[in-house]
Amino acid sequence: MTERELDQKMAELDRLLNDPETRMDPHKVWALLAEISRQTVSSAIAPARSGGMGSATRAA
């Protein structure tokens with residue numbers, strides 16, 4: 001997921017949660033949260049796999 005797509009999903013989530021004129025759709029909210037969290041977790045794991053801090057802890 002690109003940064004632009006992530007921003008769009010965040011904006012849609014914000015609208016669903018905070019816009020009083022938008023009907024709440026719990027399934028859509030949970031789906032967006034799942035997509036966003038998968039992206040955030042995979043972004044955090046990728047640097048460790050490419051020789052970031054993960055390799056330093058293995059050497060110790």
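The values are calculated or read from the model by the stated rules, or taken from the named source; none is laboratory data. For clarity, every value in this text was computed on a predicted model and none was experimentally measured. Heads up, the Cβs are rebuilt from the backbone with ideal geometry, glycines too, and the neighbour counts pull from every protein chain shown. To get the accessible areas, we keep the full protein, side chains included, count just its heavy atoms, and leave off ligands, DNA and RNA. Shrake-Rupley method; radii C 1.70, N 1.55, O 1.52, S 1.80 Å.
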- Where a residue in the range 9-29 is farther than 20 Å from residue 40 by Cβ and its partner, wherever it lies, is in a helix (DSSP H, G or I), with Cβ under 7 Å and at least six apart: 22/15; 22/16; 24/16; 25/16
- Task: Would you list the helices (runs of 4 or more DSSP H) that sit entirely within the chain and hold 2 or more residues that are open to solvent by 60 Å² or more (accessible area, probe 1.4 Å), among the acidic types (Asp, Glu) and at pLDDT below 95?
- Result: 3-18
